[in-house]
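> Sharing a structure with you now.
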């Protein structure tokens, strides 16, 4: 069953975003929140993590911080999302396992994905956080997921596009998680209704799969 991972906006206003995050978390079954703002200092990232981690955890979602084990540890986040290669992943696994989650992102090849799994990644993320969201999931991310899902034990997360409907092919591949960013935060209905719409689409795909199997 595919579950939702919320990826933070690239730019976060701490005066507004905590309330938006609470609204999104109230919209459905959120597995985790990936805090991945761009162009900020380590101190600013830690402050964001300190504010947002309790909000996610109160809703039953894990908080993951991108590429900063110290900010993750000091904020009592649930783990770290590593995008800086296999060696950085190994260092994070050595520092944080088994107490915290260590995920692997910025995958550029099948070989690298397998290396990351062998290095102890708790999940492998297909999609690039430093790229703007297209309307649909990137074809390469879908290709990785189609290859990964039937063959490997570690779960995969697949980045969807800016249109909520873009999660449909990801769910049809039976990926463990779909990551949503602009599709949630830029939805004119607001984050709660956007998550509800995403959950409705996931339920529709699950129902279709059950009907096809009978």
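The values are calculated or read from the model by the stated rules, or taken from the named source; none is laboratory data. Since we're looking at a predicted model, the values are computed, not measured. Here the Cβ positions follow ideal geometry from the backbone for every residue, glycine too, while neighbour counts run over all protein chains shown.
> So which of 110, 168, 206 ends up being at pLDDT below 95, in contact with a helix residue (DSSP H, G or I) (Cβ under 8 Å, 6 or more places away or on another chain) and farther than 19 Å from residue 35 by Cβ?
206
> Which residues, taken from the stretch 172-184, are within 14 Å of the chain's Cα centre (by Cα) and in a helix (DSSP H, G or I)?
Within the stretch 172-184, 182, 183, 184 meet the criteria.
> For residue 36, all conditions in the list (1) under 29 Å from residue 204 (Cβ atoms); (2) touching a helix residue (DSSP H, G or I) at 6+ places or on another chain (Cβ under 8 Å); (3) buried (at least 19 other Cβ atoms within 10 Å of the Cβ) hold save one; what is the number of the exception?
(2)
> Right, next: Quick one: residue 42 ticks every box in (1) modelled with pLDDT of 95 or more; (2) over 14 Å from the mean Cα position of the chain (by Cα); (3) surrounded by fewer than 23 Cβ atoms within 10 Å (Cβ to Cβ) except a single one, so which number is it?
Of the numbered conditions (1) modelled with pLDDT of 95 or more; (2) over 14 Å from the mean Cα position of the chain (by Cα); (3) surrounded by fewer than 23 Cβ atoms within 10 Å (Cβ to Cβ), the odd one out for residue 42 is (1).
> Another question, then. What number of residues within the stretch 146-155 satisfy the criterion of being touching a strand residue (DSSP E or B) at 6+ places or on another chain (Cβ under 6 Å) and closer than 11 Å to residue 173 by Cα?
Selection size over the stretch 146-155: 1.
> Just one of 171, 160, 92 is surrounded by 19 or more Cβ atoms within 10 Å (Cβ to Cβ) and within 26 Å of residue 47 (Cβ to Cβ); which is it?
Matching residue, one of 171, 160, 92: 92.
> May I pose another question? Which residues, taken from the stretch 8-17, are under 19 Å from the mean Cα position of the chain (by Cα) and surrounded by fewer than 16 Cβ atoms within 10 Å (Cβ to Cβ)?
Listed by number, the list holds a single entry, 11.
> Look through the stretch 110-130, keep the residues that are part of a loop (DSSP other than H, G, I, E, B) and under 19 Å from the mean Cα position of the chain (by Cα), and return whichever of them is surrounded by the fewest Cβ atoms within 10 Å (Cβ to Cβ).
Only one residue fits best here, namely 130.
> Which one of 143, 199 is surrounded by fewer than 20 Cβ atoms within 10 Å (Cβ to Cβ), in contact with a strand residue (DSSP E or B) (Cβ under 9 Å, 6 or more places away or on another chain) and farther than 20 Å from residue 105 by Cβ?
Matching residue, one of 143, 199: 199.
> Suppose the filter is over 15 Å from the mean Cα position of the chain (by Cα), closer than 27 Å to residue 38 by Cα and outside any strand (DSSP E or B); does residue 189 pass it?
yes
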